[in-house]
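For reference, the structure discussed in these notes is given below.
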Amino acid sequence: MGRLPGVRIVPWQPERDRAAWAALAEAFRDHWGYMHPNYEQFQLRFHGAHSRPDLWRLALDEASGEVAGVCLVVIDPAASALTGRADGLVEELGVRRPWRRRGVGRALLIAGMEALRQAGMTAAVLGVDSESPTGANRLYEQVGYRVVLESRAYGQPL
């Protein structure tokens, strides 16, 4: 698959499932409102009826073998039936701190989009925190994503 200095983008490896779950926890720990699911919740969410691990991608550090990043994409037939479009969803894209700013997120995103394309999807959609501390918005725009919907979340201390 993809090549970056010191990192390989590879298809999902089931034996790294728990390591990928932990990598996502680390990647998102500073994001507003992020609540990392426990491992059993992760299993239920991503290994359910419409699960397509064949489309998921991992970034592996070549020296240590550690999971540096994860891209989980989803195809939801019900959503496609409602919209009349073949949209795939980039559900999770996370890169651990030591591997950020090295092109790992971009390579994972492109690999995930290519997997969706090969699966017959004609578009890829995703949601992002507009105040993402990682600069994710910039990455998505550089790869060609455009804002199609914005929403706000309000809170009030009690």
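Just so you know, all these numbers are worked out from the coordinates, no wet-lab data involved. Just so it is clear, the model here is predicted, and its values are computed rather than measured. Glycine gets a Cβ as well: all are built from the backbone with ideal geometry, and neighbour counts include every protein chain shown.
Of note:
- Over the range 104-158 - Rg/Rh using Cα atoms and the Kirkwood inverse-distance radius: 1.08
- Range in the chain, longest, excluding exposed trypsin sites (Lys or Arg not before Pro) [loop by DSSP; at most 13 other beta-carbon atoms within 10 Å]: 30-84
- As a length-normalised measure over Cα pairs under 8 Å and 6 or more apart, the relative contact order of the range 34-86 settles at 26 percent.
- Relative contact order of the range 1-55, taken over Cα pairs closer than 8 Å and 6 or more residues apart, is 32 percent.
- 3J(HN,Hα) along the range 48-54, derived from phi through the Karplus expression 6.51 cos²θ - 1.76 cosθ + 1.60 where θ = phi - 60°, amounts to x, 4, 9, 4, 9, x, 5 Hz, with x in place of Gly and Pro.
- Take each peptide in 87-94, 126-133, count the other Cβ atoms within 10 Å of every residue, and average; sorted highest first, the result is 87-94, 126-133.
- Whole-Å distance, taken between Cα centres, linking the range 116-152 and the range 37-80: 17 Å
- Rg/Rh for the chain stands at 0.95; both radii use Cα atoms, and Rh follows the Kirkwood definition.
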